[in-house]
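The values are calculated or read from the model by the stated rules, or taken from the named source; none is laboratory data. Bear in mind that the values here come from a model prediction, so they are computed numbers and not experimental data. Note: ideal-geometry Cβ built from the backbone for every residue, glycine included; neighbour counts use all protein chains shown.
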Amino acid sequence: MARRKTSSLATTAGDLGKALGEVAARLDAWKKQRAAIAADIHKVLHSARRMLGELGDATAGGASAVLVTAPKGKGGRPKGYKMSEETKRKLRAAWKRRKAAAKDAATS
């Protein structure tokens, strides 16, 4: 019986599929590990907040601010904020002064 040769394209496709499978498995393991670490951190924060609450208001007020997560969002004006025309004129004038000062500094 003669052995049938597999084409190099099929071999390459098989190797590529195997490599992608290994990468996907490593990514899944990394995500699970990351989730476990996040859960551990949440447990520690929860118990720390509980302990601070048991200590009383004098200590918990200042220290609990450290445990609060950073505010989300990018800051700036709130959505839907309306600016008066006078404020817009003042901002434009200030911008023009800054641009003129920068231009003068660059030429000096």
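Screening the candidates Thr59, Thr87 for the property of being surrounded by 10 or more Cβ atoms within 10 Å (Cβ to Cβ), more than 26 Å from the chain's Cα centre (by Cα) and at pLDDT below 90 yields one hit, Thr59. Look at (1) modelled with pLDDT of 70 or more; (2) within 26 Å of the chain's Cα centre (by Cα) and you find that Glu54 fails only one, number (2). The single residue among Trp30, Trp95 that is assigned to a helix (DSSP H, G or I), surrounded by 10 or more Cβ atoms within 10 Å (Cβ to Cβ), among the aromatic types (Phe, Trp, Tyr) and modelled with pLDDT of 95 or more turns out to be Trp95.
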